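The values are calculated or read from the model by the stated rules, or taken from the named source; none is laboratory data. Keep in mind it's a predicted model, so treat the numbers as computed, not measured. Note that each Cβ is placed from the backbone with ideal geometry, even for glycine, and that neighbours are counted across all protein chains shown. Accessible surface is based on the protein model in full, side chains and every heavy atom, while ligands, DNA and RNA are left aside. Shrake-Rupley method; radii C 1.70, N 1.55, O 1.52, S 1.80 Å.
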Amino acid sequence: MNKQIVYIVLSFLFIGNLSAQQTPASKQTTDYSIVGATAHIGDGTVIENSLIVFSNGKITYAGKASTASQKGTIINAAGKHVYPGLIAANTSLGLAEIDAVRATRDFDEVGGYLPHIRSIIAYNAESKVIETMRPNGVLMGQITPRGGTISGTSSIVQFDAWNWEDATIKLDDAIHINWPQSFTRGRWWLGEDPALKPNKNYMKSVNEIKDFFNNAKIYLNGKRMPKNLPFEALNNVVNGTQKVFVHVSGKKSIVDVVNTFNSLKIKNIVLVKADGAHKVAELLKKNSIPIIIERAHRLPNSEDEEYDLPYRTAKILVDKGILVGLGMDGSMERMSTRNLPFYAGTYAAYGLGKEEALKLITSNNAKILGINNKVGTLEVGKDATLFISEGDALDMRTNIVSNAFIQGRKLSLETHQTKLWKRYSTKYKNQ
């Protein structure tokens, strides 16, 4: 009987290993030269017939093709395109695996004010969802908790690692606040009027946030006794070395966010979602506040808005001088993060242009997340985190990734999805 149990356990382990994520790539030991591709630098610059050389995980040359500068393994990419690795801001990747299985969901902790909760501790580097990002060029992400008034602290990772320690690019980059809604809808399932109406508890909720930060400042400037972990977690926010991402919508709420944090003397603010931000763009520009907008594939928020306003949001904000990045909060956000370049492509099609849209998910996101010294553009000295595509990376019809690298390490692009595709693509050929 004992032997049977052992055999059963071993068989489950064997089956599990067969379906496990790809083994992370080894450290780069061979120089690479990508020759002849159209290089999209990520800052709006395009170089035809380019040469990208990288060694020991860092880019050593990025410019026009030159035989004198070529080193190591030569990748002939003539007719193809090379891009910096795409960065997904505001995503809960790795914090849940199967939405319908509660035991795999670890993105929302119990409680309302949780700045001390760190998403990185729960990050699952071996998630089978994460490996499906790489074939579309999505190679990095800001792993963000959800729920509560203060959800917790995000961190930024790369998507080819053994564990969260290996994955981390920037640890505890920001805390995340869910600003209260100034208008609410009635709960129709309880017979309430579903129409929008002013939120009677709005100012009370705003004052609670303000009081929390004021009390944290008093605590941090005092003897810090008894020890208060949530207040301790705000230390870097108060001293200006950690960012605050405020998830907010509506003109009035956005103005209240700016005024509240100005009164608290906390300047390092990023707005997330920020519907209606174009109406107060001058205020945001004056205070140097960037925005992580949401996906364009959605309906307008009210009957008074133009039907295509969600598609034109990026163009409007960029034209007003706002630094704009693209995030992934919303329905099916973890599985849909692989479509990040195509969401940027929609913004490109509605006036932004392809290179400016690319910046939303490369250099702009890198600047907003505070990692632009390492990634976001194809520049000498930065990490060799990049990919080669057969065509336009923002077009789902042509973004066929042939090679991808993270910190110079050549990645496997095989996933459980590509295995199924290969399996069933031959189903009728063999009959």
If you filter segment 190-290 for trypsin sites (Lys or Arg not before Pro), then keep DSSP loop positions with at most 15 other Cβ within 10 Å, what is left? Lys200, Lys223, Arg224, Lys227, Lys265, Lys267
Can you give me the accessible area per residue for segment 260-353, using a 1.4 Å probe, in Å²? 44
Can you figure out the FRET efficiency of Ala349 with Arg423, using R₀ = 30 Å and their beta-carbon distance, to the nearest 0.05? 0.35
Take the solvent-accessible surface of the protein heavy atoms, probe 1.4 Å, and return the percent of it on segment 369-425 that carbon and sulfur atoms account for. 53
Report the full-extension gain for the segment Leu220 to Asn301: residue separation times 0.36 nm, less the Cα-Cα distance, to one decimal in nm. 25.1 nm
Equivalent-ellipsoid semi-axes (√(5λ), Cα gyration tensor) for segment 18-82, whole Å, largest first? 24, 15, 11
Can you work out ³J(HN,Hα) from phi for every residue in segment 391-406, in order, using Karplus 6.51 cos²θ - 1.76 cosθ + 1.60 and θ = phi - 60°, giving whole Hz and x for Gly and Pro? x, 5, 5, 8, 10, 5, 7, 10, 7, 10, 7, 9, 9, 9, 9, 10
Counting Lys and Arg as +1 and Asp and Glu as -1, each charge on the Cβ, what is the dipole of segment 328-431 about the Cα centre in debye, to the nearest 20? 580
Which of the following values of mean projected area of the Cα convex hull in nm² was calculated from the structure shown: (i) 23.7; (ii) 19.8; (iii) 28.3? (iii)
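What's the extension gain from Ser263 to Lys128 if we count 0.36 nm per residue and subtract their Cα-Cα distance? Walk me through the numbers before you get to the answer.
Details: separation 135, 0.36 × 135 = 48.60 nm, distance 4.43 nm.
Gain on stretching Ser263 to Lys128: 44.2 nm.
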Magnitude of the Cβ-charge dipole (Lys and Arg +1, Asp and Glu -1) of segment 188-272 about the Cα centre, nearest 20 debye, reported as 360
In debye to the nearest 20, how big a dipole does segment 114-190 give about its Cα centre with +1 on each Lys and Arg Cβ and -1 on each Asp and Glu Cβ? 540
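Per residue, how large is the accessible surface of segment 358-413? Use a 1.4 angstrom probe and give square angstrom.
Values: 1770 Å² over 56 residues.
Spelled out: the 1.4 Å probe surface of segment 358-413, per residue, equals 32 Å².
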Restrict the search to segment 19-97; then list the trypsin sites (Lys or Arg not before Pro) that DSSP places in a loop and that have at most 16 other Cβ atoms within 10 Å of their Cβ. Lys27, Lys71
Label-reachable residues, segment 153-194, where backbone N falls under 17 Å from a point 7 Å from Lys200's Cα toward its Cβ: 181-188, 190-194
At q = 0.15, 0.18, 0.20, 0.26 Å⁻¹, what is the log10 ratio I(q)/I(0) for segment 102-184, with the Debye formula run over Cα points and no solvent? -0.57, -0.77, -0.90, -1.23
Against the longest alpha carbon principal axis of the chain, how many degrees, from 0 to 90 and to the nearest 10, is the axis of helix 416-425 turned? 50
Along the positive direction of the dipole of the chain (beta-carbon charges: Lys, Arg +1; Asp, Glu -1; about the Cα centre), which of Leu95, Pro290, Thr132 reaches farthest? Leu95
For Glu165 and Asp308 in one chain, what is 0.36 nm times their gap in residues minus the Cα-Cα distance, to one decimal in nm? 47.3 nm
Quick one: angle between helix 251-263 and the longest Cα principal axis of the chain, in degrees between 0 and 90, rounded to 10, please. 80
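In percent, what relative contact order does segment 304-431 have, based on Cα pairs under 8 Å that are 6 or more apart in sequence? Walk me through the intermediate numbers first.
Values: 137 pairs, mean separation 21.0, N = 128.
Relative contact order of segment 304-431: 16 percent.
Given the rule -39500 (n - 2.57) for each run of at least 4 DSSP H residues, summed and divided by the residues of the chain, what is its mean residue ellipticity at 222 nm, to the nearest 500 deg cm²/dmol?
Numbers: 14 runs with 118 residues, N = 431.
Helix contribution divided over all residues of the chain: -7500 deg cm²/dmol.
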Relative contact order (%) - segment 148-190, alpha-carbon pairs under 8 angstrom, separation at least six: 43
How many percent of the accessible area of segment 30-113 is carbon or sulfur, using a 1.4 Å probe? 50
Cβ-Cβ FRET estimate between Ser26 and Thr241, R0 fixed at 45 Å, reported to 0.05: 0.85
Give me the percent of the accessible area of segment 145-250 that comes from carbon and sulfur atoms, probe 1.4 Å, all protein chains in place. 55
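What relative contact order, as a whole-number percentage, does the chain give when Cα pairs under 8 Å and 6 or more residues apart are counted?
Details: 944 pairs, mean separation 84.3, N = 431.
Answer for the chain is 20 percent.
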Place the peptides 349-355, 31-37 in order of packing, highest mean first, counting for every residue the other Cβ atoms within 10 Å and averaging per peptide. 31-37, 349-355
